[in-house]
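Below: the structure, in C-alpha cells.
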Protein chains: 2
Amino acid sequence: MFESAELGHSIDNKTFRKEVEALRVELLNAQFELREAAKFPVMLLISGVDGGGKSETINMLYEWMDPRFLSTLAFSSPSDEERDRPHMWRYWRSLPPKGRIGVFAGSWYSTPIAERIAGTLTADEVDHEMARINRFESMLANEGALVLKFWFHLSKKAQRARFEKLEADPRTAWRVTKESWSRLKTHDELIDVAGHVLRITNTPWAPWIVVDGSDDNYRNLRVGKVLLEALKYRLTNDVPMRIPVAPPIPPRIDGRDVLTALDLSLTVEKETYEKQLAKWQGRLSELVRHPKFRNKALVLAFEGSDAAGKGGAVRRVTAAMDPRQFQIVPVAAPTDEERAQPYLWRFWRHVPRKGRVTIFDRTWYGRVLVERVEGFCAEADWLRAYAEINDFEHALDVAGVIVIKFWLQIDADEQLRRFKEREATDFKRFKITEEDWRNRDKWDAYREAVCDMVDRTSTGQAPWTLVEANDKKHARIKILKTICQRLEREMGS
Amino acid sequence: MFESAELGHSIDNKTFRKEVEALRVELLNAQFELREAAKFPVMLLISGVDGGGKSETINMLYEWMDPRFLSTLAFSSPSDEERDRPHMWRYWRSLPPKGRIGVFAGSWYSTPIAERIAGTLTADEVDHEMARINRFESMLANEGALVLKFWFHLSKKAQRARFEKLEADPRTAWRVTKESWSRLKTHDELIDVAGHVLRITNTPWAPWIVVDGSDDNYRNLRVGKVLLEALKYRLTNDVPMRIPVAPPIPPRIDGRDVLTALDLSLTVEKETYEKQLAKWQGRLSELVRHPKFRNKALVLAFEGSDAAGKGGAVRRVTAAMDPRQFQIVPVAAPTDEERAQPYLWRFWRHVPRKGRVTIFDRTWYGRVLVERVEGFCAEADWLRAYAEINDFEHALDVAGVIVIKFWLQIDADEQLRRFKEREATDFKRFKITEEDWRNRDKWDAYREAVCDMVDRTSTGQAPWTLVEANDKKHARIKILKTICQRLEREMGS
C-alpha cells in the first residue's frame, strides 16, 4: 500500500514552478465551471501521517483556487450539540453543497483509526464501521458527489526528520508538540491500521490516493493534478458513477399484501376512546419526562394516504408533551439549500438531540412513495433509497434515537368522504388541493409502493406500524399505545 | 422484511396445475439454452425457516427440469479435509460450472446465522462476515454467475402447524425431530437475525426473494416463476451485471517506483552463499517440521520477470522439505474445467490443508500482470482482481495459512544474457520461447503492472518481498531468509 510512497519522491523548484503555472489556470477554470454548473459537490479528504503536510497542501489549494468557494471542514473534539447526536451528524451537516469544494481536514475515518490504535475498537468493529462508510460514500457518489481521499504518507524515519526540521525553525517549532512525538511512537500501528482501512475503503466511487508526503513540491503537485484530472473528467462526462445498491422487486403472484390484510372496520367507541386517550397520553407524558429518556431521543415518522388523519394523530401525541421538548417537521418540497445536498440531508438536519423528540409529518419515505409513483426520480434512485434509509435509521438506532414509524391506511370510499367533507368545511378547505384528487387516481400504484416500502424497510429496530385509520379514534389510540409500549421496552421500565 | 410472507398466501390446485403446465415447458427450454450457451452458471440458494418447504421445492425443481444438469449441494458438518482449510473452501469447490444450475441447500449463510443465534458470534462479527459475503457474491456476479437467494418464511404459528401436520402423517413423521421442536423455540431469534442478515445482503447482484413457505403450491410457483424470469432475462440480455469494485489507478508524476528503487547490483560471494544456503535451508527444514506448524499452512507465491530465476529459487526451497509435505503448482493456461469457473477457482482448489505447503510458480497475479498487459481480459476485470485477490489472501490468513509472495526482478540486460545463454544451452532450450522474446518488448508495461500490483496488494498479512535477482545467489538467500523469518514470527518461535 505504502511502498511507493516511501521512495522519497521529490520535484525540484524549477520544474514545480513551471508545472504549477499551467495547473493553476486550469484549476481555476475547472472550479469556475463547477460553480457555474452547480451540478455536483466535490469532497476532498485530506488524511495521513502527522507531519505529512496536510495543512501545507490545504494552504496551497487556497492559494491556487478561488477561496470563496472552498471551505475547510475541520473536526476536533465534538461539541455538546454533536455529542448528543449520531456520530455522523457532524459530517452530514458539513457536506459542501453542489458547485462547491469541501476540504475535509479530518473525516469519518479519523475516529475509527484513532480508536483502533488505542485498542478501543476491535478489528471486527473497524471492518463493520468501514462497511458502513463504504455504503455512506456510495450514497454520496450516487447523489453525484465527486469524492477524492488523499493519504499523505511518511515513513517513520521521514516523520522523525520532519519533526526535527520543524522544531529547528522558530517559525514552525510550535507545530511540533508532545503529541507529535507520541504519534511517532505509534507510527507502526498507524501504518498497520491505515493500510487495512485504506485497502477496504478504496472504492471506485471514492478512491484513496496515497501520496508521498515528504516533499512539499511533489505532494502539492500530485494533489493538484489528481484533483484537476478528476474535475475535468466529471465536468465533461456529466454522469455520476452509478453504484447498483438495490435489487429489483420481484413480481407478486397473487393479490394478497400487507394492506389488504388490514381490517379497516376496526372502531373504538367514543367513551372508551376518551378513557384510553387520557390513559395513554398520561403514560406518554411520564415516559418522555423519565430520567432514562435523557439518554434517548425519539423520532416519530408519520406517513399515510391523503386525508388519513396524520395531522390529528400528531396533535394527540404532542398534547402529551412539553413544546420545548419536541419539534414538528412538516415535509414539503425541499428548499434550494436542501436541493443542493444529498436526499437525506434535509432529514439529518432535524435529528433530535438527546432527550428531545422530532415528529415528521411525511418523511424520508417520500422518495419511495410520491417520488416513485409520480416519477419525480429515476427508478435507480428510489430503489437505492431503501438501503440508504435503512442505514439512516440504523445510525439513529445505534445512537439511542428510537424510531417509530406509522403508516395510516384508509380505504378509497373513506378518503372520498373526507375530501368532500373538507371541501364543505371552510377551515379545512386549505387542506384539499387538485393534487389530492390526482393522487386518488394512482391509488393502486401507491398501494404497491407502500407494500414494497414495508417489505424493505420494516426492520427489527425500526418496524412499521400499519394503522387502520378509517376510524380516527381507533387510529389515535393505536398510535399512542404503540409509542408508549415501544418507549417502555427501550427504556426498560 | 417478512410482513408479506406471513399473510398466508396460497394457490389452489386447479390454478397451480394450469400455471405449471406452461411454466415447466419454459423452464426446460431455458435450462436447455443455458446449457447450450454455457456462458454462465446459476446458483440458487434455498434457505429459510425449518419446515418452510426447502426440500419439497428442491424436489419440485428436479421434477420440472432436466435433473442431469441440476446439482444439489448440501453442507452438513465439514469433513476433516474441509475443516483443515479456510471455511469458504467447501463452497468454492462446489460451485457449479458455466451452463449448470447448482441448488445450494444450505450455504455460506447457514453457519453465521446459526452461530449468531447460539451467541458465539457478536453482531459486529456477523456484519463483518456479511460484508465479506457481499464481496464474494459480487465477485461471482462479476464473473457472470446468476445468483438468486430464496428465503422460505413461516411465522411461529405456521411453523408449529407445519410440524404438527407432518407428525400426524406416518409417511412424514420421521421428518419432525427433537431438533425441529427446539428450532421452534428459537424462531424469534432466527427471525431477528435473518431479518438483519437478509437486509444487508440483499444486493442487486444477488437478491433475496422472501417467499411465504406455508403453502406448497404458492411457494413452488413463486420460485419457479422468479427463476424463469431471471433466466430468461440473462439469456436474452447476455451481459452480466458489472459491479464496480476497484478505483482507477491515478497517474504517476515522476519516474520513481518500487522497481527503480531496487539495487540490482547486490551479490553474494560463492563461499558466503554456500554457508548461508545451508544455514537457512536447515532452519526452514526445522520450521516446517515444528509441531506448531501442524496448525498452520504455507503458501509461497513466486512471480518475476521471465528468466528471473523462479524455478531455481523454488528448488532451493523445496530441497529443505519433505516431498510429501509440499506441492508445486506451475501455473499455465487454465483447463476447460477451470475456464468454466470464476478466475480464482483454480487457485482455491490448491489451497493446502493444515501442516502442508503449496508453492505456486506463477500465481493468481497473472490477471494483473500478463492478462492486463497482453489485453487477455478487460480493464474492469483486472482492476477488480486486486480487491478479489486481497479477499482471497485475507481468507487464507484468517484460516492460519501463511502467504509469502516474491517478485524476482532482473534488469533488461541480464534478461537478454540469460535468454541467449538458454538458447545456447541444450537442456535449457525448452525454457525460452517466442513469447519470451515478445514479452521483452513490453518491458515498460510490465514494470507499470508490477508497481501497481505491489501498491494494491502488499498487505500487512501478505506483503510482497521484492527480490533483487540479477545475482541468483543473492536472490535465493533472500528468499529463504524471508520465509524462515516470517515463519518464525507467525509461529512465535
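Among the residues making up segment A:275-317, a single one is surrounded by fewer than 22 Cβ atoms within 10 Å (Cβ to Cβ), in contact with a Gly (Cβ under 7 Å, 6 or more places away or on another chain) and not basic (Lys, Arg): A:ASN295. The residue list B:ARG447, B:ARG456 contains one member that is surrounded by fewer than 20 Cβ atoms within 10 Å (Cβ to Cβ) and basic (Lys, Arg), which is B:ARG447.
Restricted to segment A:102-128, and to residues there that are more than 16 Å from the chain's Cα centre (by Cα) and assigned to a loop (DSSP other than H, G, I, E, B), the residue that is farthest from A:GLU393 (Cα to Cα) is A:GLY119.
What about B:LEU73, is it crowded, with 17+ Cβ neighbours inside 10 Å and at pLDDT 90 or above? Steps first, please.
Values: crowded, with 17+ Cβ neighbours inside 10 Å: yes; at pLDDT 90 or above: no.
No: the conditions fail for B:LEU73.
Checking each residue in segment A:212-243 for being surrounded by fewer than 20 Cβ atoms within 10 Å (Cβ to Cβ) and within 8 Å of chain B (Cβ to nearest Cβ) picks out A:LYS225, A:VAL226, A:GLU229, A:MET241. Contact annotation: residue pairs with Cβ atoms under 7 Å, 6 or more positions apart or on different chains, pairing a residue in segment B:174-185 that is in a loop (DSSP other than H, G, I, E, B) with a partner that is of a type in the set (Asp, Glu), are B:VAL176/B:GLU167. For segment A:31-41, the set of residues classified as surrounded by 21 or more Cβ atoms within 10 Å (Cβ to Cβ) and either aliphatic (A, V, I, L, M) or at pLDDT below 90 (or both) consists of A:LEU34 only.
Let's see how each residue does on (1) over 26 Å from A:MET1 (Cα atoms); (2) more than 11 Å from every other protein chain (Cβ to nearest Cβ); (3) in a helix (DSSP H, G or I):
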position: A:ARG162; (1), (2), (3): no, yes, yes
position: A:GLU167; (1), (2), (3): yes, yes, yes
position: A:ASP188; (1), (2), (3): no, no, yes
position: A:VAL210; (1), (2), (3): no, no, no
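Only one of the listed residues (B:ALA158, B:ALA131) is within 14 Å of chain A (Cβ to nearest Cβ), aliphatic (A, V, I, L, M) and part of a helix (DSSP H, G or I). That residue is B:ALA131.
In the set B:ARG100, B:ARG116, only one residue is under 27 Å from A:GLU129 (Cβ atoms) and in contact (Cβ under 8 Å) with a residue 60 or more places away in the chain; that residue is B:ARG116. Somewhere in segment B:335-350, is a residue of a type in the set (Gly, Ala, Ser), more than 30 Å from A:GLY8 (Cα to Cα) and modelled with pLDDT of 95 or more? Within segment B:335-350, none of the residues are of a type in the set (Gly, Ala, Ser), more than 30 Å from A:GLY8 (Cα to Cα) and modelled with pLDDT of 95 or more.
Between B:LYS478, B:LYS442, which is away from every other protein chain (no Cβ under 14 Å) and surrounded by fewer than 19 Cβ atoms within 10 Å (Cβ to Cβ)? Can you show your working first?
Working: B:LYS478 fails: surrounded by fewer than 19 Cβ atoms within 10 Å (Cβ to Cβ).
When all the criteria are applied, what remains is B:LYS442.
Filtered by the rule that a residue be part of a helix (DSSP H, G or I) and within 17 Å of A:ASN142 (Cα to Cα), segment A:373-385 gives A:GLU379, A:ALA380, A:ASP381, A:TRP382, A:LEU383, A:ARG384, A:ALA385. For segment A:11-25, filtered to residues that are among the aliphatic types (A, V, I, L, M) and surrounded by 18 or more Cβ atoms within 10 Å (Cβ to Cβ), the residue that is nearest to the other protein chains (Cβ to nearest Cβ) is A:ILE11.
Checking each residue of segment B:32-41 against the condition of being assigned to a loop (DSSP other than H, G, I, E, B) and within 14 Å of another protein chain (Cβ to nearest Cβ) gives no match. Here B:ALA261 passes the criteria (1) crowded, with 18+ Cβ neighbours inside 10 Å; (2) of a type in the set (Gly, Ala, Ser); (3) outside any helix (DSSP H, G or I) except the one numbered (1).
Scan segment B:317-359 for residues that are under 27 Å from B:SER138 (Cα atoms) and either aliphatic (A, V, I, L, M) or assigned to a loop (DSSP other than H, G, I, E, B) (or both) and the total you get is 15.
Suppose the filter is assigned to a loop (DSSP other than H, G, I, E, B) and crowded, with 19+ Cβ neighbours inside 10 Å; does A:GLY8 pass it? It would help to see each step written out before you state the result.
On the way: assigned to a loop (DSSP other than H, G, I, E, B): yes; crowded, with 19+ Cβ neighbours inside 10 Å: no.
Here the answer is no, as A:GLY8 does not meet what is asked.
Output yes when any residue across segment A:42-49 is in contact with a Pro (Cβ under 9 Å, 6 or more places away or on another chain), at pLDDT 90 or above, hydrophobic (A, V, I, L, M, F, W, C) and under 27 Å from A:GLN159 (Cβ atoms), and no when none is. Taking every residue of segment A:42-49 in turn, at least one turns out to be in contact with a Pro (Cβ under 9 Å, 6 or more places away or on another chain), at pLDDT 90 or above, hydrophobic (A, V, I, L, M, F, W, C) and under 27 Å from A:GLN159 (Cβ atoms). So B:ARG68 ticks every box in (1) within 19 Å of B:GLU229 (Cα to Cα); (2) under 27 Å from the mean Cα position of the chain (by Cα); (3) of a type in the set (D, E, K, R) but one. Which box is left unticked? Among (1) within 19 Å of B:GLU229 (Cα to Cα); (2) under 27 Å from the mean Cα position of the chain (by Cα); (3) of a type in the set (D, E, K, R), the lone unmet condition for B:ARG68 is (1). Given the condition under 15 Å from B:GLY304 (Cβ atoms), among the aliphatic types (A, V, I, L, M) and modelled with pLDDT of 90 or more, answer yes or no: does some residue in segment B:428-446 qualify? Within segment B:428-446, not a single residue is under 15 Å from B:GLY304 (Cβ atoms), among the aliphatic types (A, V, I, L, M) and modelled with pLDDT of 90 or more. The set of residues in segment A:353-362 that are within 22 Å of A:MET88 (Cα to Cα) and surrounded by fewer than 20 Cβ atoms within 10 Å (Cβ to Cβ) comprises A:ARG353, A:LYS354, A:GLY355, A:THR358. Assessment of segment B:168-177 against the conditions (at pLDDT 90 or above and over 30 Å from B:GLY99 (Cβ atoms)) yields at least one matching residue. Of the residues making up segment B:134-155, those that are within 25 Å of A:HIS394 (Cβ to Cβ), part of a helix (DSSP H, G or I) and not aromatic (Phe, Trp, Tyr) number 5.
The values are calculated or read from the model by the stated rules, or taken from the named source; none is laboratory data. Values in this document were obtained by computation on a predicted structure and should not be read as measured data. Don't worry about glycine lacking a Cβ; one is built from the backbone with ideal geometry, like all the others, and counts go over all protein chains shown.
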